[in-house]
1. Using only the alpha carbons of segment 19-112, what is the convex hull's orientation-averaged projected area in square nanometres?
2. Could you list, bin by bin from short to long, the percent of Cα-Cα pairs of segment 139-183 in 5 Å steps?
3. Hand me the trypsin sites (Lys or Arg not before Pro) from segment 89-158 located in a DSSP loop with no more than 11 other Cβ atoms within 10 Å, in residue order please.
4. At a 1.4 Å probe, what is the % contribution of carbon and sulfur to the accessible area of segment 56-197?
5. Which log10 I(q)/I(0) values does segment 91-135 give at q = 0.20, 0.23, 0.25 Å⁻¹ under the Debye formula, counting every alpha carbon as one identical point scatterer?
6. Of the GluC sites (Glu not before Pro) in segment 1-110, which ones lie in a loop per DSSP and count no more than 15 other C-beta atoms within 10 Å?
7. Going down the list Lys4/Lys169; Lys120/Lys189; Lys19/Lys189; Lys47/Lys169, which pairs span over 30 Å between their C-alpha atoms?
8. Given the rule -39500 (n - 2.57) for each run of at least 4 DSSP H residues, summed and divided by the residues of the chain, what is its mean residue ellipticity at 222 nm, to the nearest 500 deg cm²/dmol?
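The values are calculated or read from the model by the stated rules, or taken from the named source; none is laboratory data. Since we're looking at a predicted model, the values are computed, not measured. Heads up, the Cβs are rebuilt from the backbone with ideal geometry, glycines too, and the neighbour counts pull from every protein chain shown. Keep in mind that these areas ignore ligands, DNA and RNA; they rest on the heavy atoms of the full protein, side chains included. Shrake-Rupley method; radii C 1.70, N 1.55, O 1.52, S 1.80 Å.
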Amino acid sequence: MSKKKLAILHASTILFAEKGFNETAISEIAKTTGVAEGTIFYHFSTKTDLFLSILSGVEKGIIREFDDYMEEHDFKSGIEMMEAVITFFLYLAGHREEWFLLLQRHFPYELARVNGQCRKHLESIFNTLLDLFEGAIRCGQKDGSIQEMPSRKTALLIFSMVNGVVWLKFNELYDSGTLYQELLHTCRKILTNSGCN
């Protein structure tokens, strides 16, 4: 991929995440990257195509980051794996804030209603994340560190709670950093029905 195309994708990701899709003009992307508007349209036929390329990159990036993290770590139990998945999710949301801020915006879901490719990218991202949460639950149910419960529904509930903490951070409604220990404690209590020991 050319340096210009990478620069366009990088700048657009940040602008779409911070300002929104509709509020970001191609002229602003061109000014930020120092390229002509025609160069942007040379690489991406429409603004929507640019957004879909970004979303594809976010999808691949999240999958790669979690794959690398999970391969590098061994977990003694499913509950330990769950706490690690939660911790890494929060870390990644801070480290790659533009990815997760983009996923917090309304536009991707609005577009997904009419654009199958957008829907596919979003489903892949969220299914990947849910699979990680569910995998930790299933692992914990096998080793006895997590009680028997519907694994997919529970994964969805825990993911929603963790993602809600990220939403609070991005919207500056609460100092979400102060919720970290309580978040882990609550998840442990839900999963073990015993609270932290």
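1. Details: hull surface 30.0 nm².
Spelled out: convex hull of the Cα atoms, projected over all directions, averaged, 7.5 nm².
2. 5, 20, 21, 18, 15, 12, 8, 2
3. Working: sites: Arg96, Arg105, Arg113, Arg119, Lys120, Arg138, Lys142, Arg152, Lys153; in loops: Arg96, Arg105, Arg113.
Sparse-neighbourhood loop trypsin sites (Lys or Arg not before Pro): Arg113.
4. Answer for segment 56-197: carbon and sulfur cover 51 percent of the accessible area.
5. With one equal scatterer per Cα and no solvent, log10 I(q)/I(0) is -0.72, -0.88, -0.96.
6. Those that pass, being in a loop and sparsely packed, are Glu23.
7. Lys4/Lys169; Lys120/Lys189; Lys19/Lys189
8. Only helices count here, giving -25000 deg cm²/dmol.
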